[in-house]
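Some notes on the structure that comes next.
Every number in this text was worked out from the coordinates using simple rules, so none of it is lab data. It should be emphasised that the depicted structure is a prediction, and the values quoted were computed from it without experimental measurement. Because the Cβ atoms are built from the backbone with ideal geometry, glycine has one as well, and the counts that use them run over all protein chains shown.
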């Protein structure tokens, strides 16, 4: 499959990465259930899909958490924006 | 702060989203520790930063996990690619 067959060390690291990725997927699945509920709520109340004040608070909080956990805060912010764009896209579809 | 003050229902949903986001950040911090170890290993062995065969397996597995957890598999794939691009960027910096 690969030009460089993985060693035990690489297999060990990849097995842990795979475990974390599974956890990330399941957490994101729960997160989208919640944002779907938010979307239903907003559509019912005729609220706009995006909420810049809320997003600003989320960015600030996640950057602080990233710093505490030694994750690059810029990456955390980019990732949150990536997820939020998907959520807004969902909300727009719900209203459309 | 917002033109539409959030209700109890919205606050409840957002508090759970915030908890999941904190968990996501801490998992990602651990994931980047592991991919950093992979990067050190690859640099030492002079292996290329990207591994298309490994990435193909990861995409397949994460799409299956996404389906099991009712997450959009296309979103799961896009997110994995987003994270992998960041990892490759880190690995390239390590070699550069």
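Observations on the structure shown:
- Yes/no for residue A:46 being more than 7 Å from chain B (Cβ to nearest Cβ) and at positive phi: yes
Residue by residue, here is whether (1) surrounded by fewer than 18 Cβ atoms within 10 Å (Cβ to Cβ); (2) within 7 Å of chain B (Cβ to nearest Cβ); (3) touching a helix residue (DSSP H, G or I) at 6+ places or on another chain (Cβ under 8 Å) holds:
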site	(1), (2), (3)
A:31	no, yes, yes
A:42	no, no, yes
A:77	yes, no, yes
A:88	yes, no, no
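- In the stretch B:59-75, the residue that is farthest from residue A:33 (Cα to Cα) out of those that are touching a helix residue (DSSP H, G or I) at 6+ places or on another chain (Cβ under 6 Å) and more than 7 Å from every other protein chain (Cβ to nearest Cβ) is B:59.
- The one condition in (1) under 23 Å from residue A:85 (Cα atoms); (2) out of contact with any helix residue (DSSP H, G or I) (no Cβ under 6 Å at 6 or more places or on another chain) that residue B:54 fails to fulfil: (1)
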